[in-house]
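The structure under discussion appears below in the form of structure tokens.
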Amino acid sequence: MTAGRIVLLTTTHRVAPGLLSWPAWQALRGADRVLCRDADHPQLPYLKDAGIAVETGAPETADAPALVAACAGGRSVVVLAGANGEPALTDGLAALAGSGRAEALPELELLPGSYDLPGARLLDLVQVMDRIRVQCPWASLRTHADLARYGIEEMYELIEAIEAGDRAEVREELGDVLLQVVFHARIAAEDAEEPFDIDDVAGGIVAKLIHRHPHVFGDETAETAEDVKELWLRTKAEEKRRASVTEGVPLGQPGLSLAAKLAGRVRAAGLDVPLPGPEADFGYRLLALAAEAEAAGIDAETSLRAAARAYHEAIRAAETAGSAERDG
């Protein structure tokens, strides 16, 4: 007598219910019985529409020996797993397999019925943010203005992690930056006059990226990074129809970055704009250095931070040496 077959069918809540793989549908249609412990499982209405009878609350879904017995005579049983799997059942089957009665066990198969696509965990983040916005006394009262400073802080922490080469920290800080985006989008969805949500934000940047990469999604050709930059600037200029090359440059950014950005816009536009100010003024001397760095392809802000970190280490070394001399 054959021992039959048990199929544990798993699905992901991040994919619309009913969108199952072909092997999953084959297993369901070929099963003698389909069992599900959860009577509210999101797949059940779709299986019913497909003509598949599912037994909910059957004792076999929690009792490994009963499930094995249900497969007697070569019968095939599919168990539709809940969101957290079926740990009690799988532990029971594992215990039976290790009990020395393995020859009596049915064939066991773990069958993923649907898979997470790349980026699927972003859906979890949106759902978590929705719940926090509703239930958290602090988060429920925040506005865009309240959160503005956190966005700046998180970006600086990300930059610091990148410059330190700490990959674990980079991953964490990227999450903190992403949280700011999702939080702001959740707040924006509540606006009475001009609401938008995270899908609008994502849709906007997708459309912008496709439009600004005609060498990827269109008929343009770009062989080098410089070609790509030229295409990008030309496409942006056509989009914005700016009256000045300075439009879109945030004046609130750090001074060196601002100076370099303005110098880059002037150089890209082919304008002849002499640097203003007396040479003895420190601000104008820094402006000239930032413009010189930009023309050489060097990020002045990053370069200054690297020099400052080296100076920081030199200070610490001098302090340590001085302390050792005093103690000696």
Checking Arg242 against (1) free of Cβ contacts under 8 Å to residues at least 40 places away in the same chain; (2) part of a helix (DSSP H, G or I), which test does it fail?
-> (2)
From Leu271, Leu256, which residue is touching a residue at least 24 places away in the same chain (Cβ under 8 Å), in a loop (DSSP other than H, G, I, E, B) and not basic (Lys, Arg)?
-> Leu271
In the stretch 224-250, anything of a type in the set (A, V, I, L, M, F, W, C) and more than 29 Å from the chain's Cα centre (by Cα) is listed as Ala237, Ala243, Val245
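For the condition free of Cβ contacts under 8 Å to residues at least 12 places away in the same chain, assigned by TED's automatic domain parsing to the domain that holds Asp130 and in a loop (DSSP other than H, G, I, E, B), what is the one hit in Asp191, Asp219? Give the derivation first.
Numbers: Asp219 fails: assigned by TED's automatic domain parsing to the domain that holds Asp130.
Just a single option satisfies the conditions, and that option is Asp191.
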Just a yes or no: is a residue in the stretch 107-130 over 23 Å from His13 (Cβ atoms), touching a helix residue (DSSP H, G or I) at 6+ places or on another chain (Cβ under 9 Å) and in contact (Cβ under 8 Å) with a residue 40 or more places away in the chain?
-> yes
For Ala307, state whether it is touching a Leu at 6+ places or on another chain (Cβ under 6 Å), without any contact (Cβ under 8 Å) to a residue 24 or more places away in the chain, surrounded by 10 or more Cβ atoms within 10 Å (Cβ to Cβ) and assigned to a helix (DSSP H, G or I).
-> no
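When the stretch 201-223 is examined, which residues are found to be surrounded by fewer than 13 Cβ atoms within 10 Å (Cβ to Cβ), within 20 Å of the chain's Cα centre (by Cα) and either of a type outside the set (A, V, I, L, M, F, W, C) or under 18 Å from Asp130 (Cβ atoms) (or both)? Walk me through it before giving the result.
Filtering the stretch 201-223 down to residues surrounded by fewer than 13 Cβ atoms within 10 Å (Cβ to Cβ) leaves 203-207, 209-210, 216-219, 221, 223.
Restricting the remaining residues to those that are within 20 Å of the chain's Cα centre (by Cα) gives 203-207, 209-210.
Correct list: Gly203, Gly204.
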Selected residue (criterion: modelled with the highest pLDDT) from residues of the stretch 72-107 that are surrounded by fewer than 16 Cβ atoms within 10 Å (Cβ to Cβ) and in a strand (DSSP E or B) | Glu107
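Test Ala207 against the criterion of being under 26 Å from Leu123 (Cα atoms), part of a helix (DSSP H, G or I), among the small types (Gly, Ala, Ser) and assigned by TED's automatic domain parsing to the domain that holds Thr143, and give yes or no.
On the way: under 26 Å from Leu123 (Cα atoms): yes; part of a helix (DSSP H, G or I): yes; among the small types (Gly, Ala, Ser): yes; assigned by TED's automatic domain parsing to the domain that holds Thr143: no.
Taking the combined requirement at face value, the residue does not satisfy it.
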Within the stretch 232-247, can you find the residues that are in contact with a helix residue (DSSP H, G or I) (Cβ under 9 Å, 6 or more places away or on another chain) and of a type in the set (Asp, Glu)?
-> Glu239, Glu247
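In the stretch 137-188, how many residues are outside any helix (DSSP H, G or I) and either in contact with a strand residue (DSSP E or B) (Cβ under 9 Å, 6 or more places away or on another chain) or surrounded by fewer than 15 Cβ atoms within 10 Å (Cβ to Cβ) (or both)?
5
The values are calculated or read from the model by the stated rules, or taken from the named source; none is laboratory data. Being a predicted model, the structure only gives us computed values, none of them experimental. Cβ: placed from backbone, ideal geometry, glycine included. Neighbour counts: every protein chain shown.
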